[in-house]
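The values are calculated or read from the model by the stated rules, or taken from the named source; none is laboratory data. Given the structure is predicted, the values throughout are model-derived calculations rather than measurements. Neighbour counts are summed over all protein chains in view; Cβ atoms, including those assigned to glycine, are modelled from backbone coordinates with ideal geometry.
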Amino acid sequence: MAKRIQTYEGEHITVTFDPNLCTHSAKCLSGLPAVFDVRRRKWIDVTRAGADDIALAIDQCPSRALRYVRPGVAPAASAAEATQSVTVVTLSTDGPLVLQGRVRVQTAAGEVVREADRVALCRCGGTRNQPFCEGSHLTAGFKSTR
Ligand code: SF4
Ligand code: FES
């Protein structure tokens, strides 16, 4: 069963987190540890940094598990990536395929499952959210060099 999407509302930014898409790259934790801290029960605290810094950290999320909305501010980074003409596929070490650019994932019947400027696809085979990575490669001990 899919996990619930979490929402963290602040005055200048609202952050959402979809655990079904988190690759556990920990880029958010290392990028802005004051805001993203899994040791806290409420692991995202949008009051601990400015909206610009939070947005900057979220823009590093390789899967768009983290997203944000800022009242009155266009999502500049997302728009820029969405218009790039080349879609880049990165084979992350011991982890998913990360696609950056204009990406549409659809079923064989043509049903669109996801459209985004960044998508992480499972290549360990262990995800519970096919075809997306949700971090299971870590517990499975997946090694991309094999
Ligand atoms: S995928 Fe995104 S939300 Fe998950 S740990 Fe990495 S940066 Fe954080
Ligand atoms: S590569 Fe992350 S769950 Fe398979």
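Numbers for the structure displayed
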| read-out | value |
| --- | --- |
| Test result for Leu121, within 15 Å of ligand 2 (Cβ to nearest atom) and under 14 Å from the mean Cα position of the chain (by Cα) | yes |
| Pair list, Cβ under 8 Å, 6 or more apart: the stretch 103-127 residue within 14 Å of ligand 1 (Cβ to nearest atom), other residue of a type in the set (Val, Ile, Thr) and part of a loop (DSSP other than H, G, I, E, B) | Ala120/Thr23 |
| Condition met for Lys3 (charged (D, E, K, R), surrounded by fewer than 19 Cβ atoms within 10 Å (Cβ to Cβ) and either in a strand (DSSP E or B) or within 16 Å of ligand 2 (Cβ to nearest atom) (or both)) | yes |
| Top-ranked residue in the stretch 66-76 [being surrounded by fewer than 15 Cβ atoms within 10 Å (Cβ to Cβ) and outside any loop (DSSP other than H, G, I, E, B); ranked as modelled with the lowest pLDDT] | Ala76 |
| Residue count for the stretch 11-27, restricted to those that are buried (at least 19 other Cβ atoms within 10 Å of the Cβ) and more than 16 Å from ligand 2 (Cβ to nearest atom) | 3 |
| Residue count for the stretch 102-146, restricted to those that are part of a strand (DSSP E or B) and either surrounded by 18 or more Cβ atoms within 10 Å (Cβ to Cβ) or among the β-branched types (Val, Ile, Thr) (or both) | 11 |
| Residue within the stretch 82-99 that is within 14 Å of the chain's Cα centre (by Cα), away from ligand 1 (no atom under 12 Å from the Cβ), modelled with pLDDT of 95 or more and not in a loop (DSSP other than H, G, I, E, B) present | yes |
| Verdict on Leu56 being surrounded by fewer than 17 Cβ atoms within 10 Å (Cβ to Cβ) and of a type in the set (A, V, I, L, M, F, W, C) | yes |
| Residue in the stretch 21-41 that is free of Cβ contacts under 8 Å to residues at least 60 places away in the same chain and more than 15 Å from ligand 1 (Cβ to nearest atom) present | yes |
| In the stretch 4-20, the residues that are among the aliphatic types (A, V, I, L, M) and in contact (Cβ under 8 Å) with a residue 60 or more places away in the chain | none |
| Filtered residues of the stretch 42-72 (kept if within 11 Å of ligand 1 (Cβ to nearest atom) and at positive phi) | Arg64 |
